[in-house]
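The values are calculated or read from the model by the stated rules, or taken from the named source; none is laboratory data. Keep in mind it's a predicted model, so treat the numbers as computed, not measured. Because the Cβ atoms are built from the backbone with ideal geometry, glycine has one as well, and the counts that use them run over all protein chains shown. SASA here: full protein model, heavy atoms, side chains in, ligands and nucleic acids out. Shrake-Rupley method; radii C 1.70, N 1.55, O 1.52, S 1.80 Å.
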Amino acid sequence: MKILSIETSCDETSVAIVEDGRKILTNRIYSQIDIHQKYGGVVPEIASRNHVTKLPYIIDEALAESHLSLAEMDAIAVTNGPGLVGALLIGLSTAKAMAYSLGKPLIGVHHIEGHIAANFLQYPELEPPFLTLVVSGGHSHLVLVEDYQTFKVLGRTIDDAAGEAFDKISRVLGLGYPGGPAIDAAAKNGNPEAIPFPRVMLDKTQYDFSFSGLKSAVLNYLNGKKMKNEAVNPDDVAASFQLAVIEVLVSKTIACANSIGMKTICMAGGVSCNSLLRKMMGQAATEAGMTLYYPDPILCTDNAAMIGSMAYYNYINGEESDLSLNGIPGLKIGTRQ
Ligand code: KG4
Ligand code: ZN
């Protein structure tokens, strides 16, 4: 089954064709990062306008690269939430028009479930159940994937997402946008033990995260230095901040997996590109006798192939959408409408 999938929930315009949920035939991604960089973050209206102008060309590119025609597609899939509503609606109206005019099924996909499914594209042997740490610009969740359609959120951020914290701290350090890769790079030159930023663990038996206290601690540190006219080493701040975030993510994930007796862990979302997270989660999983999976960076950040993978599992489990499918900015994991 070949599914053409569209992802426009934030600032990447992406179109993929995925076969049977596991094989990428093409995965075209047009990133708007350069456009939003000068504003220090994604400007929703600008993102929507660029989706409008770029999407038709990206669809053509995907078909040309895979040497396939629209008639050969078995279904059209699209992210319908969560995300920026204007941005979501561009992908949705395009997907609906295509599905209707071609007489093919339309499949709505939850963006976070798509991030999780990115692992299916890379690891043919991977099957539920497993625990996933989903860490992106908008989300930090610990999700138990019981089967392809059953997701249980065991922990979530109570304030900022991990990626949001990376982006904010990068901005105040003047390292640019997006902050994750910038902090990751700067941290390689810094001392992670230089500044003892807090590790916010909340209740040890709960698997929720909180990053706003850490963010404030970094801002207070920088303000204190400024008031005393003392120099700041941005690489040390980046390294110390990064270690504080990653230690919490790793220890909560391993504790959560232990609490449910789960030996398979996946990571997903943009922050799972982080080199320290990959290293420390890898070490912790090995020590705990767990198997860890995470996709290549290109499948961790937003892309349509992950949407095509999840769409396949929605479809074979009887989850076809109709033309009333709407863009839902706060769509809850495990739901469609
Ligand atoms: O999954 P994603 O592309 O978009 C959302 O669904 O939000 O994630 C983007 C986020 C941004 O906050 C970016 O700073 C972060 O992922 N990110 C990273 C790294 N690469 C991207 N965070 C930490 N380290 C990285 N290497
Ligand atoms: Zn995402």
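In percent, rounded to a whole number, the relative contact order of the stretch 127-297 is 26, using alpha-carbon pairs under 8 Å and six or more apart.
In straight Cα distance, which lysines are under 21 Å from K104, not counting same-chain residues fewer than 8 positions off? Here the lysines satisfying the reach criterion relative to K104 are K2, K23, K96. The largest-to-smallest principal axis extents of the Cα set in the chain are 66, 46, 31 Å. Note on R49: accessible area is roughly 150 Å² with a 1.4 Å probe, heavy atoms of protein only. Per-residue surface analysis assigns C273 an accessible area of about 40 Å², computed on protein heavy atoms at 1.4 Å probe radius.
Other residues with beta-carbon under 11 Å from the beta-carbon of Y312 carry, at +1 per Lys or Arg and -1 per Asp or Glu, a net charge of -1. Other residues lying with their Cβ under 10 Å from the Cβ of V145 contribute a combined charge of -3, Lys and Arg counting +1, Asp and Glu -1. When the chain is treated as a Gaussian network with alpha carbon springs shorter than 10 Å, the biggest mean-square fluctuation among D236, D147, D167 belongs to D147.
Contact order for the chain, expressed relative to its length and based on alpha carbon pairs under 8 Å spaced 6+ residues apart, stands at 25 percent. Specify the residue with the greatest mean-square fluctuation among G190, G86, G261, computed from a Gaussian network of the chain linking alpha-carbon atoms under 10 Å apart. In the Gaussian network model the winner is G261.
Find out how many positive minus negative residues lie around P297, taking Lys and Arg as positive, Asp and Glu as negative, among other residues whose Cβ is under 11 Å from that of P297. Summing Lys and Arg as +1 and Asp and Glu as -1 gives -1. Accessible-area rank, largest first, for M262, M73: M262, M73, with all protein chains present and a 1.4 angstrom probe.
Within the assembled protein chains, the solvent-accessible surface assigned to Y177 is about 40 Å², based on a 1.4 Å probe. Largest GNM mean-square fluctuation across E164, E146, E72, computed for the chain with C-alpha springs under 10 Å, falls on E72.
Sorted largest first, the principal axis extents computed over the alpha-carbon atoms of the stretch 127-297 equal 55, 30, 27 Å. Pairs of lysine residues in the stretch 127-297 that meet both criteria, 8 or more places apart or on different chains and Cα atoms under 22 Å apart, total 19.
When only the heavy atoms of the protein chains count and the probe is 1.4 Å, how do I116, I298, I46 rank by accessible area, highest first?
Of I116, I298, I46, the descending order of accessible area is I298, I46, I116.
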